[in-house]
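To start, the structure under review is shown below, and the notes come after it.
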Number of protein chains: 4
Amino acid sequence: MANPPLKGVISYPITPFDTVTGEVDLAALSRLTEDLVAAGSHAVAPLGSTGESAYLREDEWDAVCETTLQTVAKRVPTLVGVSHWSTEGTVRRARVAARNGATAIMVLPQVYWQLTEAELERHYAAVAAATDLPLMLYNNPGTSGVDLRPETVVALARKIPNLTMVKESSGDVARFRAIRELSDGALSVYNGNNPVALEAFRSGAVGWCTASPCLVPRWALELYAAATGGDDERADAILAELLPFLQFIVGYGLPRAIKAGLQIQDREAGYPRTPLLPLPDKETERLQEMLDHLSAHPLVDSTA
Amino acid sequence: MANPPLKGVISYPITPFDTVTGEVDLAALSRLTEDLVAAGSHAVAPLGSTGESAYLREDEWDAVCETTLQTVAKRVPTLVGVSHWSTEGTVRRARVAARNGATAIMVLPQVYWQLTEAELERHYAAVAAATDLPLMLYNNPGTSGVDLRPETVVALARKIPNLTMVKESSGDVARFRAIRELSDGALSVYNGNNPVALEAFRSGAVGWCTASPCLVPRWALELYAAATGGDDERADAILAELLPFLQFIVGYGLPRAIKAGLQIQDREAGYPRTPLLPLPDKETERLQEMLDHLSAHPLVDSTA
Amino acid sequence: MANPPLKGVISYPITPFDTVTGEVDLAALSRLTEDLVAAGSHAVAPLGSTGESAYLREDEWDAVCETTLQTVAKRVPTLVGVSHWSTEGTVRRARVAARNGATAIMVLPQVYWQLTEAELERHYAAVAAATDLPLMLYNNPGTSGVDLRPETVVALARKIPNLTMVKESSGDVARFRAIRELSDGALSVYNGNNPVALEAFRSGAVGWCTASPCLVPRWALELYAAATGGDDERADAILAELLPFLQFIVGYGLPRAIKAGLQIQDREAGYPRTPLLPLPDKETERLQEMLDHLSAHPLVDSTA
Amino acid sequence: MANPPLKGVISYPITPFDTVTGEVDLAALSRLTEDLVAAGSHAVAPLGSTGESAYLREDEWDAVCETTLQTVAKRVPTLVGVSHWSTEGTVRRARVAARNGATAIMVLPQVYWQLTEAELERHYAAVAAATDLPLMLYNNPGTSGVDLRPETVVALARKIPNLTMVKESSGDVARFRAIRELSDGALSVYNGNNPVALEAFRSGAVGWCTASPCLVPRWALELYAAATGGDDERADAILAELLPFLQFIVGYGLPRAIKAGLQIQDREAGYPRTPLLPLPDKETERLQEMLDHLSAHPLVDSTA
């Protein structure tokens, strides 16, 4: 694991929709992206689950990719979620990402028809071969319908040279360590499950894939700084304040919760696309309280 | 359950791809569709899982819908699979289906983000309201990621007037009866699991959703005729001969197996789209033997 | 929902094993139970997942039930987890619970062979009929292998008079409200998912099923007091401090984490039974820091 | 893969219960076991899912093990299902099996609390070390709650010398070949999914784990003989006749269906234990027709 192209706080923007037309609001997306970079995100990752990529048309997908990457303008690395049911669709998105200057791509083993071992390997090999970009395998059984345990991930990575990163969201916190050990450190591990952020860093994860910086960027960054700077006490204190918020946004669904939070902050984001519905009023009030609490808290300077 | 708009053998065409370009081969699709109608299918159902709808671009989806429905030309009813992750995408497809003259639409509760009860209801209500067509709810946990048990299905149907049909593919054969009883017969039940075709009819299913007529249409039709005509012995005999084939096409995946069979029969279909790979040679040989066996068998006149 | 027999903080003891012999340590269990009552738990619930009931022999199960209930001695209500794969086994445990004076029983739809709707109903009806105790249905798809959505739960409850309580651990926080509304308030709802404790109370849950009082009882009780006493700010502040700990014990598995915590506190508990392994050293150190933090924190008087 | 201790038709007896008392009927079990041996089964496998081991008390489990193995009396090899949630319980059963002279043991990765990679390995290692018997890992996600894909299975087997066999019931027929290839032939593969019996043999499986010989032993044996003797046409013909029956017993659940069949054949078996209910009357009539059909069919001499 020489030097992974991504580490630290990898910020996942939501995709804003215009409240009236329902169309992607690229101007709002650009502003949000700029905010994420300006706040100090170590990387920006458009078109993940948070970005509602499942609900976008292909032309919208391309526009979101282009706008985000142009706004980032290589000031920090970018990781683009290119998963699609078909290999062709995944390859197409990977190339769009590459053409727009992405640093790396992320691929979920998204299955409609269950895949054989050969098909799974071929899919990853084809996507990996379509660009020169390093590829992050994203294991999230709840979303993809298939659980790739550490041995399977490591076996795949041995056959596919640019599969060098793994994002783990299965909920089994012991896998961060297991993947590193099974791969003799060849695979860099990332955490995709917000509430275990600190656990993951302490178990060797090099990055945290999170939508939380859309609302409270300093908190994620300070958590990372404390965790990697050896200030365990501060890391614990930050986590304690941040965790109810992380738990809340995961529990109610990232697009629902982050968009409600942006509205609270008077930033345009619109509503999630149906079938997702906006966060109900009562929960929005609670989110407001959480955000007020975090912004006023002396532990982290929210204006930094 | 006055008079459901669909019953009997509901034939699911695969979507042919050109072997060289990989593009949808509309001429081959039209020929296959014509074959299905000419053979006596009671209905034709494009764009199901069998039709690899998950792997199509939207423009391809529309073209497949239009070509299939124009070819059928209302000689028999049509059922169009319009499932999509977003409500907007599902509604769009439902309208394309309606505009092309579909008899009914089929909707899987396809979840990317897990849906609340309210979101699930809103999704079905929105899709149902988008057209005048009757709607078939398709329960297939293996594909959709969520299992809607009979009580949930019946509760949804009570709130959505044109949700009048349910396709069950959970594998629990006792549900055919359970859904009818729980809904006091208001819901018509269809079977989507090939190997339990006869069981389903005997448990009150009014239709069989099957890709088998792409290769051996007379067998499915004769099974239905025997099952509904009270000739149990003949139904059993037909099932005995047909079942290894049904088991095989399900076991290896319908797009893989049906396309291999069409090539054996010298009909154009191309290969499945990756990540699916063609049926391996050894399995293709076995399929050939099965098809030879069925076409030569005296029990069913394959040339009828 | 006149007056449910259980509400508030329902404390789940682990089952201590002797470090040398591996046998159930009833003396340690009695001390732990006494601690839970003395600390002010509103109810005690032996033999849940936390109690490693899956790993106990039947004679051990009976002994744990008897010891716990005798120790509680009706000072607070008790809820006994009696789930077993067979109806007979569940009934047997329900009767042992009743004989020992349990207030209520909890039953997971634990499936080895998948159950039909009729079998599920018969199972619950048989267990409910075996005693006069009120019954709590426990929905936890991750453990039971089946997800009973709100409509199914409510339909079951309508047929079984003493099925009056539901414990929801599916992770979908919107279900607390959905179950109450669908049942017109006839069903009392309980939360089994520690990290959403406050969310659940705010969504109408009347009780919180939690192992956390084994280690930090005052924190759970004060959270409940603040949440039901209308002191939202205090509830939020308590949750903020408590949540990293709740997240940790859930993430590493309750038996692993609670037993490690008891050892840190110099209370006998032994190790979890294999296949579970003790919490690793590094994680145990972190747990120690968390416990130190909570016990020294001015927000909650840990000595109360 | 020198010479696996088991091959061919591995017959799974149900566990008979007395119709009046509901207790295990050891005399009936002995008669059924004798029938299985007399009919030519290549091995006998008590206490699988078919044997309702999940619904037995431990003393019943031991009695079933002892009676079955004493009846077989080493005339053919035996494979005992020893799975249990706890390692201790699994080891105990493994030792009972060894003491009674079992040839091999079968272990499902039965999870109550999800297991880490380390716990999974330790569990198998402990069970394997408890006896000298060869161990068969049984992958059946529908029952165990966890899917061990081929790489994981092969990785486990590399660390545990007597883990030399794998029974695959995930439904993915391509895995028979995948496991053999990934293990360079070191692992012998068995099929646990009745309807794909012939597919499995043709993909390299050396044995078929099946309850069908309880009712129609000659059919399974002749299928194996034809499949391994190179008589493909006969194998296909046998499968055609047998498959509706195999599909039926799997679709309605093996204990329900096999017990109904034994009653049809005037052999004592009693009913399945609740929560399982007996096969309904209408389905029992159909089973009778299937059995009549098979017993009168000229293809296989049922009296051999």
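The values are calculated or read from the model by the stated rules, or taken from the named source; none is laboratory data. All values reported here derive from a predicted model rather than from experimental measurement. In this analysis, Cβ positions are derived from the backbone assuming ideal geometry, glycine residues included, and neighbour counts consider all displayed protein chains. Accessible surface is based on the protein model in full, side chains and every heavy atom, while ligands, DNA and RNA are left aside. Shrake-Rupley method; radii C 1.70, N 1.55, O 1.52, S 1.80 Å.
The table below gives the values:
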{"item": "Anisotropy class of region C:1-119 from Cα gyration tensor, a/c 1.5 cut", "result": "oblate"}
{"item": "Cα→Cβ-extended label distance, 7 Å offset, between D:T303 and A:S302, nm", "result": "8.9 nm"}
{"item": "R0 of 35 Å, Cβ-Cβ distance C:E121-B:T228: FRET efficiency to nearest 0.05", "result": "0.70"}
{"item": "Centroid-to-centroid separation of region C:137-187 and region D:1-20 [C-alpha atoms, Å]", "result": "39 Å"}
{"item": "Nonlocal amide H pairs with B:F17, under 5 Å, H built at 1.01 Å", "result": "B:D25, B:G270, B:Y271"}
{"item": "Label spacing, shortest first and in nm, from D:R99 to its equivalents in the remaining copies (7 angstrom along Cα→Cβ)", "result": "2.6, 7.2, 7.5"}
{"item": "Residue with peak Gaussian network fluctuation, chain C [Cα springs, cutoff 10 Å], from C:P255, C:P213, C:P278", "result": "C:P278"}
{"item": "Spatial separation of Cα centroids for region B:229-245 and region C:57-91, in angstrom", "result": "52 Å"}
{"item": "Gain in span if fully extended, B:A129 to B:V20, counting 0.36 nm per residue against the direct Cα distance", "result": "35.1 nm"}
{"item": "Candidate residues C:K167, C:K159: accessible-area rank, largest first, probe 1.4 Å", "result": "C:K159, C:K167"}
{"item": "Axis-nearest residue of B (beta carbon) for the B-onto-C rotation, whole Å", "result": "B:E151, 2"}
{"item": "Sum of side-chain charges, A:S41 neighbourhood, beta-carbon under 15 Å (Lys, Arg +1; Asp, Glu -1)", "result": "+2"}
{"item": "A:Q70 paired with C:R267, simple spin-label distance in nm, labels 7 Å along Cα-to-beta-carbon", "result": "6.1 nm"}
{"item": "Inter-copy spacing of A:E121 label points, which lie 7 Å from Cα along Cα→Cβ, given in nm from shortest upward", "result": "2.2, 4.9, 5.0"}
{"item": "Cα gyration tensor, chain B - rounded (a/c under 1.5), prolate or oblate", "result": "oblate"}
{"item": "Globularity ratio of region D:95-174, using Cα Rg and 2.2 N^0.38 Å", "result": "1.07"}
{"item": "Cα gyration tensor category, rounded, prolate or oblate, for the protein assembly as shown with a/c compared to 1.5", "result": "oblate"}
{"item": "Pairs beyond 28 Å (Cα-Cα), from A:K282/B:K159; A:K7/A:K259; B:K74/D:K282; B:K7/B:K259; A:K167/A:K282; A:K74/A:K259", "result": "B:K74/D:K282; A:K167/A:K282"}
{"item": "Pseudo-label separations to other copies for A:E289 - Cα-to-Cβ vector, 7 Å, nm", "result": "2.9, 6.4, 7.0"}
{"item": "17 Å reach of a label modelled at B:A38, 7 Å along Cα-to-Cβ, counting backbone N of region B:278-304", "result": "B:302-304"}
{"item": "Calculated [θ] (222 nm, deg cm²/dmol) that DSSP helices of n ≥ 4 give over chain C, each run adding -39,500 (n - 2.57)", "result": "-14500 deg cm²/dmol"}
{"item": "Accessible area (Å², 1.4 Å probe, nearest 10) - A:T228", "result": "90 Å²"}
{"item": "Number of partner chain Cβ atoms within 10 Å, mean per residue of D:267-279", "result": "4"}
